[in-house]
Each structure stands twice: as structure tokens, then as C-alpha cells.
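Working notes, structure below.
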Amino acid sequence: MFGIMMDKQLNIADILEYAALYNTDAEIVTNTVEGGYHRYGYNDALLRSKQLANALRTLGVEQGDRVATLAWNTYRHFELYYAISGMGAVTHTINPRLFAEQIIYIINHAENEWVFVDLTFVPLLEAVQSQIGGVKGFIVMTDAAHMPESSLPNLMCYEDLLSEQSSEFEWPQFDENLAAGLCYTSGTTGNPKGVMYSHRSTVLHAMSSCRASALNLGPMSRVLPVVPMFHVCAWGIPYAAPIAGSSILFPGAGMDGASLYGLIDGEKATALLGVPTVWLGLLNYIESVKGNLDTVESVVIGGSAAPRSMMEKFTEVYDVFPIHAWGMTEMSPMGSLCAMTPYLKKADKESRMRIQSKQGRAVFGVEMRIVDDNDEPLPHDGKTFGKLMVKGPWVASGYYKNDDRSAFRGGWFDTGDVSTIDSMGYMQIVDRSKDVIKSGGEWISSIELENFAVGHEGVVEACVVGIAHPKWDERPLLLIVRKEGSSCTKEDIIAYLTDKVAKWWLPDDVVFVESLPHTATGKLLKTEVRAKYENHYQT
Ligand code: ADP
């Protein structure tokens, strides 16, 4: 027997229609690429998205076409999200921090015919234009006064394109499983792989992520997604905030500590989201100007493990609740997080930090388990670790135009992470499976060593890799970027780590470097570090 309920299909355009009607006192504020702040409401965004949808039709964009964006977090990028997906095409966000060859590969693989681009990234496209011949035209996301001189063919101005169009547009109704968004993972090896989100997966993910037990967004929230809209759709905030009725603060190209602080302080941000390196920059800046985070209630830290020292600083110095979160491109991205609970509220500082250092509990909609090499489930005892597998309505079931199905097994997706899950359901990432250090038959977590190392006052960033060793198979090597003015030594660092980890976990050597290599999404590029130091323990 079936339920007797309406079969209304989930649709991204409905989110903005709803917000325009009901969230009338919410604002969308942008630190614009051209300079100065821009502000308007959801209804303005809706009308301009409809103009844009009409413009896309005029350009010949049809259902299922992949329309590319190469852009910062701004109101225009927000309009594109809704106009492209709302008219039935696919919003393909490209990460401008990828290598040129990867950008060329992605544009050609996705068969993009139109590319919307921020002023900042016009030179980047000019440099590769001869290799992306399938693109029919480029639309610069600015007004006529700021249009650049450019060698790009068929160059158009976003505001001119819009101004010619009516703001009347009837969003088409279609199957909720229709493709809506495309995002490529920045694999450290091989070509990037495309994850194709649907209307259904996007709306369900957004409804789930704004709940109090997740990101805790509501009409009083003023949310600042520092995580870029070109990286897993700014963790879904452009969809979740309008559902929750929150205001959005878009940082544009201003990702440095000073610009972010200006936006947070001036616009009274209440909720922040971003990766640890961004918070490092912000915290350093606030310290230097003796600022505060008085309006901020929570900061979501994800993408890489949140160092304990960072969480302590947010909690103790700035009275901000850090929400440690884990996810990935293939998961839209939300998988698990550490929300406030009665237990956490009551816990003493040490137990609280121990729990918050874990990547948290699965959100409703995501199932998680750990398995051994034969995909047999392992116990959730907080000690046993295995491959982390997930399933759920916003988890990918394959890659776009790619036959590699090795990570999709038995209805589960193998995340490529190794983790533990404790009896209360808290998951802790031990490592990426390719980064875990195998020493004398035992495993060492490079992430845990790094997290302890950055707690030392002289350390800005730390990287631990396993290096081939004649006796132990692999041994950890620790690379450190020192804080300006610090002269800490290998002995200081080892002494600092000694009471924090088992003796056999201690790195055999510590190397001080000027900087560390990163991927396009800000993660440590360990393949490069390993290659450079592969013979370090051979003599
Ligand atoms: P990329 O495009 O760089 O692959 P993703 O955001 O998809 O970007 O990367 C997902 C991976 O990032 C996860 O599989 C995990 O290894 C790592 N990651 C994400 N959040 C955390 C976290 N809180 N702690 C540790 N690792 C994390």
C-alpha cells in the first residue's frame, strides 16, 4: 500500500521562491570584486535570477547543459546557482586554484559551452583559451564600467546581459533526480573526477544541514561562508541559508584576515564556515589588532582536521563554539559534525576537547560504518580503525562520465579515509588511507601528530609523512613551518611531543621549511612532500 500524499518533486528554484516570499528581512551582503559592499534581499536575487534564466535561454542553453562558473562567493554567483539549475541546466563550479591543465581537462570533460567568470580569473582563461575550443562565449561577472580588455572570444558583460531581459520566468517542473550541479574533486593523482548532484540531493542536503543539531541556522543567523562556492558549493550554504531564513555575508575575493574581520565585525556575522588555514589567518589578524568575535556564536571547521589549539582559542579566548565537521565533495559535502549536546555542555575542558577533536556524529541522512580489507564491518569501540564507508541520499553513486567504480561497493561509498567510531557514534579520522604511516606492522596517524605539533607555540604549520625505512618499513618525518621570530629546534619539538604520543610514534627527524605545498582545496600535498624526501631515511 502506498501513502496518499502529493508527489511534489524537490526543486532548487523552490528554495529561492520560498525565501523571496517569507524571508523578507534577511540580507545578502557581498564584499564585491570591484570594491565596496553590495546588499539586497532574497526577492531581488529571485528577480535577477529570472532575468538570468531568460538570458541563458537566449544564449541557447538547454536542459542538461553544463554551464561553468569560475567565481568567488558573491551575489552574482548566487544568482547563477539558481538561474542555471532552476531552468534545468547544470551549474558547474570550477575551482580556479586548480592547475591550468586540470582546468582545461574539466572544461572539456564537462563540455562547457558558456563560462561565467569573475574579473580576477579572466587572465587565467586567456592563458588556456586555445585549449578550450568548445566554449562558445565568456560572460564577465561585472558591469559595463568594469569590463576588461581581453583576448577572450565572444566576451559579454553580465549586467548588460541581464538588463535586456524580463524578470518574468516560469521555472520548469521536472523530475527531482535531474542533474543540478557538477563539482570536480581535486584528486592529488590522476584526473579530477566529476560529482553530479541532483535537485533532490541538493534540497535534502540543505534541509538537513540547517537544523539545530547540524549547522544551527535560523532567521537570526548572519552566516559567512568563507569556504568557496567553487568548492562543494560553499558546503551548501547558498541553499541552506535561504531555507533557514538566514542572512548571507559573501566575502568575494577578500579571504585574508583583515577583509574577513572587516566583514565579520561590520556586518555582525554570527556563524562562520571554513577550513583551518583560513581561521589561522583570521585568528592571527584579530590577535594583531586586539579585535574580538563578540557577535559570532559558532565557527564550522572542516575540510582538514581542526587542530585542538585552534578550537581552544575559539572557545576560551573568543567565546565562539567550534563545530568540527567532516565531509567530502562526493557527499555534497556534509557527513558528520560535533554539535552541542547536554553531555558536551557539562563536560570538563579535557573531555570536551577530546570529543570535539573527533569529526563528530553522522547527521540524519548519512549512514556510516568502518570495514576491514574484505569490507567486513568492524566494531564501533573507538579503538578499532578501518575504511570509512558511507551511504545516503546526498552521497554520490558514481562519477560523471567515468567508469571507475572501485570506491562504490555493495551500496556503500568508500571515502578513502581511515577512521574509528566510538560507542556514542563519534567518528574520528585517523588518516587518508594513502597517508597512514605503516611502521613495524603498526599504524601511525599522520593527522594526530600534525595536530599535536601545531600546538607548539613556535609552529605555524606541520606536515607528517611516512618515509621508507630499512628496518621499520616506514617511519614518520615531521616538516615544520616556524612562526616568524621562532627559533625552536628539533629537540624542542620532540620534547613537546613526548608526553602526547606513544614513544614509537615520535618522528625520527624534524625538518624546518619555509612553506609547505597545498592542493587547490588547501590540503597538504603529501605526494609532493613524500617524493621530495623519499630517501631521507636510507642512509
Ligand atoms: P578535495 O577536493 O580536496 O578532495 P574534499 O573536500 O572532497 O576535497 O576532501 C574530502 C576529504 O577531506 C575527506 O575525505 C577527508 O580526508 C578530508 N577532511 C574533510 N574534513 C575533515 C576533517 N574535519 N578532519 C580531517 N579530514 C577531513
Quick query: amide H of E176 versus all other amide H atoms, modeled in the peptide plane; which residues come in under 5 Å with a sequence gap of 5 or more or a different chain? L10
In whole angstrom, how far apart do the alpha carbon centroids of the stretch 485-523 and the stretch 9-26 sit? 48 Å
Give, in nm to one decimal, the length gained when the segment between D508 and E367 is fully stretched (0.36 nm per residue of separation minus the Cα-Cα distance). 46.9 nm
Rounded to a whole number, what % of the accessible area of the chain do carbon and sulfur atoms account for, probe 1.4 Å? 52 percent
Residues of the stretch 264-282 with the amide nitrogen closer than 12 Å to a label point 7 Å from the Cα of H518, along Cα-to-Cβ, please. 275-282
Output the antiparallel fraction of DSSP beta bridges having both residues in the chain, as a percent to the nearest 5. 55 percent
Any chymotrypsin sites (Phe, Trp or Tyr not before Pro) in the stretch 11-109 that lie in a DSSP loop and have at most 13 other Cβ atoms within 10 Å would be F99
In square angstrom, what is the accessible area per residue of the chain with a 1.4 angstrom probe? 42 Å²
In the stretch 107-208, which chymotrypsin sites (Phe, Trp or Tyr not before Pro) are in a loop and have at most 13 other Cβ atoms within 10 Å, using DSSP for the loop call? F174
For the chain, what's the relative contact order in percent, using C-alpha pairs closer than 8 Å and at least 6 residues apart? 11 percent
Longest exposed-loop-site-free stretch of the chain, with trypsin sites (Lys or Arg not before Pro), DSSP loop and at most 11 other Cβ within 10 Å? 9-289
Just list whichever of K290/K526; K50/K523; K268/K358; K193/K391; K358/K434; K8/K401 have alpha carbons separated by over 27 Å in the model shown. K290/K526; K50/K523; K268/K358; K8/K401
Gain in span if fully extended, E168 to R211, counting 0.36 nm per residue against the direct Cα distance: 12.2 nm
How do L293, L524 rank by accessible surface area computed with a 1.4 Å probe, from largest to smallest? L524, L293
In this structure, the FRET efficiency calculated for A100 and N154 from their beta-carbon separation, with R0 = 22 Å, to the nearest 0.05, is 0.60
Considering amide H positions built from the backbone, and no H for Pro or chain starts, which residues 5 or more places from S433, or on another chain, come under 5 Å of its amide H? D417, V418
Tilt relative to the chain, helix 42-59 - C-alpha long axis, 0 to 90 degrees, to 10: 70 degrees
Go through the stretch 113-160 and name the GluC sites (Glu not before Pro) that are in a DSSP coil and have 10 or fewer other Cβ atoms within 10 Å of their Cβ. E149
Which ³J(HN,Hα) values, rounded to whole Hz and listed in residue order, are derived for the stretch 7-13 from phi using the Karplus coefficients 6.51, -1.76 and 1.60 in 6.51 cos²θ - 1.76 cosθ + 1.60 with θ = phi - 60°, glycine and proline given as x? 9, 5, 7, 6, 8, 4, 4
Net charge near I429 (other residues with Cβ under 10 Å of its Cβ; Lys, Arg +1; Asp, Glu -1) is -1
With θ set to phi - 60°, apply the Karplus curve 6.51 cos²θ - 1.76 cosθ + 1.60 along the stretch 274-279 and write out the HN-Hα couplings as whole Hz, x wherever there is a Gly or Pro. x, 8, x, 4, 5, 5
Computed FRET efficiency, Cβ-Cβ of N177 and R432, R0 22 Å: what is it to the nearest 0.05? 0.10
Please give me the summed charge of the neighbours of I444: other residues whose Cβ is under 9 Å from its Cβ, Lys and Arg +1, Asp and Glu -1. -2
Relative contact order as a percentage, the stretch 366-432, C-alpha pairs under 8 Å and 6+ apart, gives 34 percent
Additional length obtainable on full extension of the chain from S351 to H38, 0.36 nm per residue less Cα span: 108.3 nm
Given H placed 1.01 Å from N in the peptide plane, which residues other than close sequence neighbours of H518 have an amide H under 5 Å from its amide H? L525
Length-normalised contact order for the stretch 331-378 - Cα pairs under 8 Å, 6+ apart - percent: 38 percent
Okay, helix-only estimate at 222 nm for the chain: each DSSP H run of n ≥ 4 adds -39500 (n - 2.57), divide by all residues, round to 500 deg cm²/dmol; what do you get? -8000 deg cm²/dmol
List, in order, the whole-Hz ³J(HN,Hα) value for each residue of the stretch 468-480 obtained from phi through the Karplus relation with A = 6.51, B = -1.76, C = 1.60 and θ = phi - 60°; use x for Gly and Pro. 3, 10, x, 9, 9, 6, 9, 9, x, 10, 10, 10, 10
Need one value: the accessible area of H205 in square angstrom, 1.4 angstrom probe, rounded to the nearest 10. 10 Å²
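The values are calculated or read from the model by the stated rules, or taken from the named source; none is laboratory data. Computed from a predicted model, the values in this text were never measured in an experiment. Please note: Cβ atoms are built from the backbone with ideal geometry, for glycine as well, and neighbour counts cover all protein chains shown. Protein only, heavy atoms only, side chains kept; ligands, DNA and RNA dropped before computing areas. Shrake-Rupley method; radii C 1.70, N 1.55, O 1.52, S 1.80 Å.
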